[in-house]
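The values are calculated or read from the model by the stated rules, or taken from the named source; none is laboratory data. Computed from a predicted model, the values in this text were never measured in an experiment. Note that we place each Cβ from the backbone using ideal geometry, even for glycine, and neighbour counts take in every protein chain shown.
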Amino acid sequence: MSASAATVETLDISPVGRVEGDLDVRVEIDKGTVTNAWTHAELFRGFEVILKDKDPQAGLVVTPRACGICGASHLSCAAWALDTAWGTTVPRNAILARNLGQLVETIQSIPRHHYGLFMIDYTNQNYAASPFYAEAVKRYSPFTGTSYETGVTISGRPVEIYALLGGQWPHSSFMVPGGVMCAPTLTDVTRAWSILEHFRQNWIESLWLGCSMERYEEIQTLDQFEAWLEESQRHANSDLGMFWRMSKDIGLHHYGKGHGRFITWGYLPHEDRYNKPTIESRSSAVIMKAGIYDGATDKFGPMEHVFTREDMTHSWYDEKGQFHPFDRTTKPIAKNTVDPEGKYSWNTAVRHAESGALEAGPLARRLIAGNTGQAFQHHDGLVLDMYRKMGGASILLRHFARMHEICILYREAERILREFRLNDEWYIKPTEKDGRGWGATEAARGALCHWIEVKNGKIANYQIVSPTTWNCGPRSGDGQRGPIEEALIGTPIKNKHDPVEVGHVCRSYDSCLVCSVHAHDGQTGEELARFRTA
Amino acid sequence: MANLLWLQGGACSGNTMSFLNAEEPSACDLVTDFGINILWHPSLGLELGDNVKAILEKCISGEIPLDIFVFEGTVINAPNGTGEWNRFCGRPMKDWVKDLSAASQFVVAIGDCATYGGIPAMAPNPSESQGLQFLKRAKGGSLGAGFKAKSGLPVINIPGCPAHPDWVTQIVVAVATGRAGDLTLDEFHRPKTFFSSFTQTGCTRNMHFAYKVSTTAFGQRKGCLFYDLGCRGPMTHSPCNRILWNRHSSKTRAGMPCLGCTEPEFPFFDLNPGTVFKTQTVMGVPKDMPTGVDKVGYIKLTAAAKGMAPAWAEEDIFVV
């Protein structure tokens, strides 16, 4: 496969991540560096197949259960898809309640991913020579690390607010076409305030930042961030300071680059701008902007669902060519043999009709947050400034972007608690009818959307494209690699029997897939190592 | 000290996420205070790849004594009974499940998928999914009706979509502290201590149920969800209103109808057109009665209740 085949070894990583299913990664290594990569999803459950011919509202029950990690995001898409198909009216309280549900789910996900999945790798023997290593082991060892225990345990608190709205997290279905099921009272709002406050005091400020949120929020540029780091020992030794400094020490700003093109659907429709939801008016109604960004040309562009294509050339489906999700049939093929030259994944290759493969996730959201927009829309230029000054994407920047969102999402949650008008309506009963709908959002880990077609009072077609589909997909018919496949190129491998570096790249996408690596000798095919990366 | 291994099949990780919300004990407390040695978990374990496979093989051979095997997600048999649509460490997951179950003192199925098949097993069940010892109401499942773990107990089923973290942690603590002998299971292998009472037990809408005052549409501040919105609280076994969710609430308290997710039939009616969030009725009488109530009794009772409902029951009660 490579000109220098004599030196190339193949490393198979199986499994690689969780929720859409198990992801395996195969990499080719030449002189200690990854030169080629394939990602393949290894679990098929067939939610699109299950939903066909069911009640139009079946997606509200089924799709949150496609992913126990991003259930609020799936529910939000399922509800908005029906809203657009049925032409409902959604009261402002309901828009706020849906947004709050999503916000607290993502706020939960941030420390849970950071400590539970990401920082564990910093305790790997690979980094024993780092001056930060002893401290990393003390803080981040699974279950017993000082920060691990606090961070993982406190991550359960934000979703208590979800339970106040929907009864439980995960897997409530409280968002329905026409609004929400709940009608929160004053005590629900005051409890939610108290939970946020507890989370701020006991994690965000004390452990994560080492300063007040207000001080951190003053930071607008990379220079200001670096000045903040040096300003006080409390900043430098906070979990954020520790993450930044150790990541640089172990070189995580040098690889994991990827295609350098990004997508976000935008999310959080404004409570007064999307009460008559339509597919066409969505992008101009969301607080967090939709769009694409091309790092090479430093240019932004719009993003609408009509640009979406799924390419099944290398996927285990009997569908030839590229399709818009409305035109898909989801026909799995029985024989799912892994063939890197042919079909090798349950994931489809998602593409933008003009811009090809795009990376989804917090980094995409943060870059596009730096673009100009309408006055009511959120703007934040810090990560875009870092991207421009640090030579593009990397493991460090991708994970920083995720963590940087904590204060932004927290403030939006606070705003919602102020905006609820408790005596106004929460639900307007809609009239069911046939039609096509589209619901989109940003899950913690990136762009998510649902397409629904209702015909004769039942689901004729239901399609989901998740952030994991964008990021973990295989090559398209033209040979272009999927985003993680591309991001793995150039990854240095110090110990091919324990290639933790591949894990860093995959986990920086928070891909919701349990990953492990099978390492093969490129000549003999002998398996050298096998490990999990998420 | 007890060795615990947790694997996932056709799963969404929702039970893992729910488990991480646990308090008293928290997931970390289980390890540090109760001596639970988590051999491996797909989202939490430190070991990777070859080391994981080695752990599984040592559990099967007996070199590592396996005390508790927790399985989340369905056992996938597609295509054509081979299980190749869910491979793990290069082998169908269903084969790992069989070998590990035989080697374990206790086997715990967590969540609807692992207990009864859940959503993936809904018609047309494209992944040919089963629960560990049941498929919906039918006993058998992947391990067979006669399966018993080394302790002598069959698969302990902790259903729910997802299971409440306490239902899981309390069973694990019972095993770790030598109280497993007190566990009694019902006909669907659910621990009776959790699943004898009803979802309705402790529901804040019970007075409205008694007077047949209905929540006629979502977003209202009164009424019972059973009469119009399809709530299955009166015929579902769970402690959702005794042991609250995320410390604060439950679906029915928040205004969401119970979907019956701790019962083997979930999702009910296969979510066929017209069945979602709507009470199924014949001539105005619910098709599914509260457990143990007959149709004639129901009609008499509700007619009398409605006739004597006090005025306050028709007014908002969960007010700002």
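Picking from residues in the stretch B:1-30 that are of a type in the set (S, T, N, Q) and within 11 Å of B:Thr169 (Cβ to Cβ), the one that is surrounded by the most Cβ atoms within 10 Å (Cβ to Cβ) is B:Ser18. For B:Asp33, indicate whether it is surrounded by fewer than 24 Cβ atoms within 10 Å (Cβ to Cβ) and more than 7 Å from chain A (Cβ to nearest Cβ). When the stated conditions are applied, B:Asp33 passes them.
Results for (1) part of a loop (DSSP other than H, G, I, E, B); (2) closer than 24 Å to B:Asn15 by Cβ; (3) assigned by TED's automatic domain parsing to the domain that holds B:Val319, shown as yes or no for each residue.
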residue: B:His189; (1), (2), (3): yes, yes, no
residue: B:His208; (1), (2), (3): no, no, yes
residue: B:Arg221; (1), (2), (3): yes, no, yes
residue: B:Leu229; (1), (2), (3): yes, no, yes
residue: B:Arg242; (1), (2), (3): yes, yes, yes
residue: B:Phe266; (1), (2), (3): yes, yes, yes
residue: B:Asp270; (1), (2), (3): no, yes, yes
residue: B:Thr275; (1), (2), (3): yes, no, yes
residue: B:Thr279; (1), (2), (3): yes, no, yes
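Among the candidates B:Gly146, B:Gly141, B:Gly118, B:Gly111, the residue that is touching a Ser or Thr at 6+ places or on another chain (Cβ under 7 Å) and under 23 Å from B:Ile171 (Cα atoms) is uniquely B:Gly118.
Could you pull out the residue among A:Glu226, A:Glu280, A:Glu217 that is at pLDDT 95 or above and within 28 Å of A:Glu149 (Cβ to Cβ)?
Values: A:Glu226 fails: within 28 Å of A:Glu149 (Cβ to Cβ); A:Glu280 fails: within 28 Å of A:Glu149 (Cβ to Cβ).
None of the others qualify; the one that does is A:Glu217.
Is it fair to say B:Ile38 is in a strand (DSSP E or B), crowded, with 19+ Cβ neighbours inside 10 Å, touching a strand residue (DSSP E or B) at 6+ places or on another chain (Cβ under 7 Å) and facing chain A (nearest Cβ under 9 Å)? Criteria met by B:Ile38. Of all residues in the stretch A:209-257 being outside any helix (DSSP H, G or I), in contact with a Ser or Thr (Cβ under 9 Å, 6 or more places away or on another chain) and of a type in the set (A, V, I, L, M), which is farthest from A:Lys289 (Cα to Cα)? Residue satisfying both the conditions and the ranking: A:Ile250.
Scanning the stretch A:247-261 for residues that are buried (at least 22 other Cβ atoms within 10 Å of the Cβ) and over 23 Å from A:Ala364 (Cβ atoms) gives a single hit, A:Ile250.
Residue-level analysis places A:Gly392 outside the set of residues that are crowded, with 23+ Cβ neighbours inside 10 Å and within 26 Å of A:Pro492 (Cα to Cα). Looking across the stretch B:41-68 at every residue that is among the polar types (S, T, N, Q) and surrounded by fewer than 21 Cβ atoms within 10 Å (Cβ to Cβ), the one that is modelled with the highest pLDDT is identified as B:Ser61. Please verify whether B:Leu44 is in a strand (DSSP E or B) and within 29 Å of B:Trp245 (Cβ to Cβ), treating the condition exactly as stated. The answer is no for B:Leu44. Considering the stretch A:476-509, and only residues there that are at pLDDT below 90 and charged (D, E, K, R), the residue that is surrounded by the most Cβ atoms within 10 Å (Cβ to Cβ) turns out to be A:Arg507. The set of residues in the stretch B:249-270 being charged (D, E, K, R) and either more than 14 Å from the chain's Cα centre (by Cα) or within 7 Å of chain A (Cβ to nearest Cβ) (or both) consists of B:Lys251, B:Arg253, B:Asp270.
Every test in (1) buried (at least 24 other Cβ atoms within 10 Å of the Cβ); (2) out of contact with any His (no Cβ under 7 Å at 6 or more places or on another chain) is passed by B:Gln133 save one, and that test is (2). Taking each residue of the stretch A:252-279 that is at positive phi and looking for partners that are of a type in the set (Lys, Arg) and crowded, with 18+ Cβ neighbours inside 10 Å with beta-carbon atoms closer than 7 Å, six or more apart or interchain, yields A:Gly256/A:Arg398; A:Gly266/A:Lys289. Given the conditions (1) of a type outside the set (S, T, N, Q); (2) more than 10 Å from chain B (Cβ to nearest Cβ); (3) surrounded by fewer than 24 Cβ atoms within 10 Å (Cβ to Cβ); (4) over 30 Å from A:Asn347 (Cα atoms), report the number of the one that A:Phe118 does not fulfil. Just one mismatch for A:Phe118, condition (4).
Is it the case that some residue within the stretch A:422-440 is out of contact with any helix residue (DSSP H, G or I) (no Cβ under 9 Å at 6 or more places or on another chain), aliphatic (A, V, I, L, M) and surrounded by fewer than 24 Cβ atoms within 10 Å (Cβ to Cβ)? Step through it out loud before you land on a result.
Of all residues in the stretch A:422-440, those out of contact with any helix residue (DSSP H, G or I) (no Cβ under 9 Å at 6 or more places or on another chain) come to A:423, A:429.
So of that shortlist, the ones also aliphatic (A, V, I, L, M) come out as none.
No, the stretch A:422-440 contains no residue that is out of contact with any helix residue (DSSP H, G or I) (no Cβ under 9 Å at 6 or more places or on another chain), aliphatic (A, V, I, L, M) and surrounded by fewer than 24 Cβ atoms within 10 Å (Cβ to Cβ).
The test for being at pLDDT 95 or above, over 21 Å from the mean Cα position of the chain (by Cα) and exposed (fewer than 14 other Cβ atoms within 10 Å of the Cβ) does not hold for A:Thr337.
Here is the figure for the stretch A:163-182: residues that are outside any loop (DSSP other than H, G, I, E, B) and facing chain B (nearest Cβ under 7 Å) total 7.
Put simply, of B:Phe134, B:Phe88 the only residue that is touching a residue at least 40 places away in the same chain (Cβ under 8 Å), touching a helix residue (DSSP H, G or I) at 6+ places or on another chain (Cβ under 8 Å) and away from chain A (no Cβ under 14 Å) is B:Phe134.
Among the candidates A:Thr153, A:Thr123, the residue that is in contact with a helix residue (DSSP H, G or I) (Cβ under 8 Å, 6 or more places away or on another chain), more than 7 Å from chain B (Cβ to nearest Cβ) and more than 20 Å from A:Ala401 (Cβ to Cβ) is uniquely A:Thr123. Go through the stretch B:49-71 and give me each residue that's touching a strand residue (DSSP E or B) at 6+ places or on another chain (Cβ under 7 Å) and more than 9 Å from chain A (Cβ to nearest Cβ). Of everything in the stretch B:49-71, those that are touching a strand residue (DSSP E or B) at 6+ places or on another chain (Cβ under 7 Å) and more than 9 Å from chain A (Cβ to nearest Cβ) turn out to be B:Ile55, B:Cys59, B:Ile64, B:Pro65, B:Leu66, B:Asp67, B:Ile68, B:Phe69, B:Val70, B:Phe71.
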